[in-house]
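This report refers to the structure that appears directly beneath it.
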Protein chains: 2
Amino acid sequence: MFRIVEGPIDVGAVILAAQRPDCGAVSAFVGTTRVDRSGEAFVRYLEYEAYRPMADRKLREIGEEIQRRWDARHVSIVHRIGRVDPGEASVAIAVAAPRRDEAFQASRYAIERIKQVVPIWKREVWSDGYVWVGSQVGTRPAAQTG
Amino acid sequence: MFRIVEGPIDVGAVILAAQRPDCGAVSAFVGTTRVDRSGEAFVRYLEYEAYRPMADRKLREIGEEIQRRWDARHVSIVHRIGRVDPGEASVAIAVAAPRRDEAFQASRYAIERIKQVVPIWKREVWSDGYVWVGSQVGTRPAAQTG
């Protein structure tokens, strides 16, 4: 399942679809909107934009790469675009493999590759402006009003 | 959330409970019943037994260990006991952290520690007998009828 969606991601469904009788492990990753409220300004929400259909194709290519490198029997990547509020999921990944070591490696690889090659951009909407940032998860650059 | 349950695990709910506005990443692991049908005999289902309340306490201790070692803001471990059919989840882990590297490390650590210290035993029920095995996920010893 490789999808770009405009509403909330049903993470439970993504994982359930990955579970298979020939696999003992599903490793899943969920990227969520993180806000840092330690300063006076704060992120109110994130907004994602994708360049489609390139983004859709790149998600499928990452799945193919993973299945060439590891004994992964199922790979799903679902990325949300549009506004994503604090704590909500922007991306969900689920990889099933016979053994857990391969599942963990492949799921980690998926999120790194998404950040490298999928044309999806993130805008942080702050209480006092906004800033475009390149990566989907984890980073919080200094605020710039725009 | 540290629980031993006797019915299906609601994996989506375990992950949703982990999502927090101060975290950018949730790494989840789901251990599932794997069957190998390449031979004449095959695993029909698994059966788990726990020595409680020791098992409950050990799950909580693993959560505490993780929160000492990593900046993990939420840890959940739910383990199912009783009969678990092929493809179904026997254990679900979800760790939320501000950054994905810590989330992945902590979730991987959790499943390794569960196998080391939690008194839960697994019985493989085969088409032609059963065999007790020590580990919760991933291994498939040669069949022994019992």
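Here is how the numbers come out for the structure above:
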{"quantity": "Check on B:VAL131, more than 13 Å from chain A (Cβ to nearest Cβ) and either in a strand (DSSP E or B) or at pLDDT 95 or above (or both)", "calculated": "yes"}
{"quantity": "Subset of segment A:64-100 [farther than 26 Å from A:ARG34 by Cβ and in contact (Cβ under 8 Å) with a residue 24 or more places away in the chain]", "calculated": "A:GLU65, A:ARG69, A:TRP70, A:ASP71, A:ALA72, A:ARG73, A:HIS74, A:ALA96, A:ALA97, A:PRO98, A:ARG99, A:ARG100"}
{"quantity": "Selected residue (criterion: nearest to the other protein chains (Cβ to nearest Cβ)) from residues of segment A:38-58 that are assigned to a strand (DSSP E or B) and open to solvent by 50 Å² or more (accessible area, probe 1.4 Å)", "calculated": "A:ARG44"}
{"quantity": "Considering residues of segment B:84-126 that are assigned to a helix (DSSP H, G or I) and hydrophobic (A, V, I, L, M, F, W, C) only, the residue surrounded by the fewest Cβ atoms within 10 Å (Cβ to Cβ)", "calculated": "B:VAL117"}
{"quantity": "Looking only at segment A:4-37, and only at residues there that are part of a loop (DSSP other than H, G, I, E, B), over 20 Å from B:CYS23 (Cα atoms) and open to solvent by 50 Å² or more (accessible area, probe 1.4 Å), the one that is nearest to the other protein chains (Cβ to nearest Cβ)", "calculated": "A:PRO21"}
{"quantity": "Among (1) within 12 Å of another protein chain (Cβ to nearest Cβ); (2) in contact with a helix residue (DSSP H, G or I) (Cβ under 8 Å, 6 or more places away or on another chain) - the single one B:PRO86 does not satisfy", "calculated": "(2)"}
{"quantity": "A:ALA72 vs. criteria in a loop (DSSP other than H, G, I, E, B), at pLDDT 95 or above, crowded, with 22+ Cβ neighbours inside 10 Å and of a type in the set (A, V, I, L, M)", "calculated": "yes"}
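The values are calculated or read from the model by the stated rules, or taken from the named source; none is laboratory data. Since we're looking at a predicted model, the values are computed, not measured. FYI the Cβ positions are ideal-geometry reconstructions off the backbone, even for glycines, and counts take in every protein chain you see. Just the protein is used for accessible areas: all its heavy atoms, side chains included, with ligands, DNA and RNA removed. Shrake-Rupley method; radii C 1.70, N 1.55, O 1.52, S 1.80 Å.
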